[in-house]
Amino acid sequence: MTLRFRWEWEPAPDVRLSELAATWCRLSIDLGDTPVTLVERRDGSGGPRHGLDVPVYPLAEFLAINWWRLSTTSHPPTDRGVRFIEAGAGFAWPDLTLRSDRGLMWATLRQRDKTPEHVRFLTQAETVLEADAVLRAAADLIDGTVRRLEDRGVMGTLLQEEWASIQQADQEERDYCLVAAAWGQDPYDTASDVERLLLDAGTEIGDATLLADLSRAVPRERISDSTAWLLEASRSLDPHAISLPALGSLDWSSMAGVAPWRIGYERARRLRLLLNLNPTELAPIDALTTVRQTHSPAPINVDGLIGSEGASSLAVVVGASASATTKRFAAARAIGRHSLAPIQRRSLLTRATQYTERTERAFAAELLAPANGIAEILAGDFSDDALQRAAEHFRVNAILVQHQVDNQIAA
């Protein structure tokens, strides 16, 4: 499943602006099997049709301006994604929102019926796509629009300038643009003090993806305080070979609308089954990955740093204040991320509440202290003392046991 754009150029003799006249077309957009541009006139005449009669220039320009925001792997918690309705220019656009997240692209389509727009959009959908595939589709649309402008002798537009800057960027500039976008900045119009802060942090850490990951949890004014710990933790990382049973790839496109904890629980149960663990047996976390600890505390809202050299290696580093149960939970989360999301060389365990974080927390809880194992130990006794005994048995925090009882046993 992916995002597809199709367009057929049409004449527009009555349109005055050259970039709009040159790129007038019948535009259709599909999100997998869902026709994003299935519309009907608001007066009800003509019946439904798949396609918009619009200039594609405003949408192409909008996607180019938001290119780095679409491309970066992380965002602040307040980011709500790239919304097509903001392409504007006085034309009706579908209410489609794209939000990138660690190699995935979350796509949400809503029906739209707003005056004074002359059409209403009839479909809605929610899905998860591979980010690279979405970016290729967007790039094809932008490239096609730029070529059309050139063929029609239209030059010097903002779209052409923006796209040329993006394509000509070297790796160092690309890294900065991705980091700036992750922190909610326009890479080409960033305040000088913020630009210096991000450049200095990038030089110290030497990993644009990791610095972008920090935006999920740490306020911008705490970046400098966080880099020292990241450097210490990175030096402690030593990903070693692991022998996790193959859980099989996760079809994220079918996960939209599914509660994140359901996915986490099911994947953890499958792993426990493949490890031949009975319900009350401890998960062999120490045999599955290594956990090291820094001398300094981790930054605010950061629980650890994960390192991986591929599908067969994994390690975790936590802060100085992490308890034994915290370390086990961090390791279990790392195993969950390793089996759930596209693998990154280094990434942060944070207290963010994005879908993937909630999924891996549920995975960790079920891997360490499965609900049926807790139920067997409690045997109907939900007193504080009984919950504490179960927590000590599974070597987890009593709060985790209480959450398992609330969410799975007593629910």
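The values are calculated or read from the model by the stated rules, or taken from the named source; none is laboratory data. Bear in mind that the values here come from a model prediction, so they are computed numbers and not experimental data. Virtual Cβ from ideal backbone geometry, glycine too; neighbours counted across all protein chains shown. To get the accessible areas, we keep the full protein, side chains included, count just its heavy atoms, and leave off ligands, DNA and RNA. Shrake-Rupley method; radii C 1.70, N 1.55, O 1.52, S 1.80 Å.
Filter the stretch 272-288 down to the residues that are under 21 Å from Arg358 (Cα atoms) and either among the polar types (S, T, N, Q) or at pLDDT below 95 (or both) and list them by number.
Ile285
Taking the stretch 314-353 only, how many residues are touching a strand residue (DSSP E or B) at 6+ places or on another chain (Cβ under 6 Å) and over 18 Å from Leu237 (Cα atoms)?
0
Of all residues in the stretch 322-374 being in contact with a Pro (Cβ under 8 Å, 6 or more places away or on another chain) and open to solvent by less than 40 Å² (accessible area, probe 1.4 Å), which is farthest from Arg216 (Cα to Cα)?
Restricting to residues being in contact with a Pro (Cβ under 8 Å, 6 or more places away or on another chain) and open to solvent by less than 40 Å² (accessible area, probe 1.4 Å), the top hit is Gly373.
Need the failing condition index for Thr115 against (1) open to solvent by 40 Å² or more (accessible area, probe 1.4 Å); (2) closer than 21 Å to Ser28 by Cα, just the number.
Only one criterion in (1) open to solvent by 40 Å² or more (accessible area, probe 1.4 Å); (2) closer than 21 Å to Ser28 by Cα is unmet by Thr115, namely (2).
Going by the conditions given, is Pro35 open to solvent by 10 Å² or more (accessible area, probe 1.4 Å) and at negative phi?
yes
Can you pull out every residue in the stretch 278-288 that is part of a loop (DSSP other than H, G, I, E, B) and buried (at least 17 other Cβ atoms within 10 Å of the Cβ)?
The one that is part of a loop (DSSP other than H, G, I, E, B) and buried (at least 17 other Cβ atoms within 10 Å of the Cβ): Ala283.
Check whether at least one residue in the stretch 76-84 is open to solvent by less than 20 Å² (accessible area, probe 1.4 Å), over 18 Å from Ala107 (Cα atoms) and either part of a strand (DSSP E or B) or in contact (Cβ under 8 Å) with a residue 12 or more places away in the chain (or both), and report yes or no. Before the answer, list the steps.
Just the residues of the stretch 76-84 that are open to solvent by less than 20 Å² (accessible area, probe 1.4 Å), to begin with: 81-82, 84.
Still in the list and also over 18 Å from Ala107 (Cα atoms): none.
No; the residues of the stretch 76-84 include none that is open to solvent by less than 20 Å² (accessible area, probe 1.4 Å), over 18 Å from Ala107 (Cα atoms) and either part of a strand (DSSP E or B) or in contact (Cβ under 8 Å) with a residue 12 or more places away in the chain (or both).
Can you pull out the helices (runs of 4 or more DSSP H) entirely within the stretch 165-242 that have at least 1 residues that are closer than 17 Å to Leu70 by Cα, in contact with a strand residue (DSSP E or B) (Cβ under 9 Å, 6 or more places away or on another chain) and open to solvent by less than 30 Å² (accessible area, probe 1.4 Å)?
Where helices (runs of 4 or more DSSP H) fall fully within the stretch 165-242 and carry at least 1 residues being closer than 17 Å to Leu70 by Cα, in contact with a strand residue (DSSP E or B) (Cβ under 9 Å, 6 or more places away or on another chain) and open to solvent by less than 30 Å² (accessible area, probe 1.4 Å), they are 208-214.
Say whether the condition of being without any contact (Cβ under 8 Å) to a residue 60 or more places away in the chain, touching a Leu at 6+ places or on another chain (Cβ under 7 Å) and not hydroxyl-bearing (Ser, Thr, Tyr) is met by at least one residue in the stretch 160-167.
Within the stretch 160-167 (the criterion being without any contact (Cβ under 8 Å) to a residue 60 or more places away in the chain, touching a Leu at 6+ places or on another chain (Cβ under 7 Å) and not hydroxyl-bearing (Ser, Thr, Tyr)), the answer is yes, since at least one residue qualifies.
Given (1) in contact with a Ser or Thr (Cβ under 9 Å, 6 or more places away or on another chain); (2) of a type in the set (Val, Ile, Thr); (3) not in a loop (DSSP other than H, G, I, E, B), identify the lone condition not met by Val291.
Against the list (1) in contact with a Ser or Thr (Cβ under 9 Å, 6 or more places away or on another chain); (2) of a type in the set (Val, Ile, Thr); (3) not in a loop (DSSP other than H, G, I, E, B), Val291 comes up short only on (1).
From (1) surrounded by 14 or more Cβ atoms within 10 Å (Cβ to Cβ); (2) touching a helix residue (DSSP H, G or I) at 6+ places or on another chain (Cβ under 7 Å), pick out the condition that doesn't hold for Ile300.
(1)
Six or more apart or on different chains, Cβ under 9 Å: which pairs go from a residue in the stretch 132-153 that's closer than 19 Å to Thr97 by Cβ to one that's open to solvent by 40 Å² or more (accessible area, probe 1.4 Å) and charged (D, E, K, R)? Could you list them?
Ala137/Arg4; Ile142/Glu61
Kindly establish whether Gly307 is in contact (Cβ under 8 Å) with a residue 12 or more places away in the chain, more than 17 Å from Leu367 (Cα to Cα) and open to solvent by less than 40 Å² (accessible area, probe 1.4 Å).
yes
Select from the stretch 219-258 the residues that are among the polar types (S, T, N, Q) and more than 28 Å from Ala131 (Cβ to Cβ) and list them in ascending order. Can you show your working first?
If we filter the stretch 219-258 for residues that are among the polar types (S, T, N, Q), which is where we start, we get 224, 226-227, 234, 236, 243, 249, 253-254.
Hits for the stretch 219-258 are Ser224, Ser236, Ser243.
Checking the conditions here, which among Leu135, Leu96, Leu158 is more than 30 Å from Leu349 (Cβ to Cβ), modelled with pLDDT of 95 or more and buried (at least 17 other Cβ atoms within 10 Å of the Cβ)? Write out each step before concluding.
Numbers: Leu135 fails: more than 30 Å from Leu349 (Cβ to Cβ); Leu158 fails: buried (at least 17 other Cβ atoms within 10 Å of the Cβ).
None of the others qualify; the one that does is Leu96.
Only residues that are of a type in the set (A, V, I, L, M) and open to solvent by less than 80 Å² (accessible area, probe 1.4 Å): list them for the stretch 379-411, please.
Result: Ala386, Leu387, Ala390, Ala391, Val396, Ala398, Leu400, Val401, Val405, Ile409, Ala410.
Can you work out which of the residues in the stretch 59-73 that are among the polar types (S, T, N, Q) and over 12 Å from Ile166 (Cα atoms) is surrounded by the fewest Cβ atoms within 10 Å (Cβ to Cβ)? Break it down stepwise before answering.
First, the residues of the stretch 59-73 that are among the polar types (S, T, N, Q): 66, 71-73.
Narrowing the set further to residues that are over 12 Å from Ile166 (Cα atoms) leaves 72-73.
Details: Thr72: 25, Thr73: 23.
Among those residues, the one meeting the criterion is Thr73.
Can you pull out the residues in the stretch 221-244 that are in contact (Cβ under 8 Å) with a residue 24 or more places away in the chain and among the charged types (D, E, K, R)?
Scanning the stretch 221-244 gives Arg222, Asp225, Glu232, Asp238.
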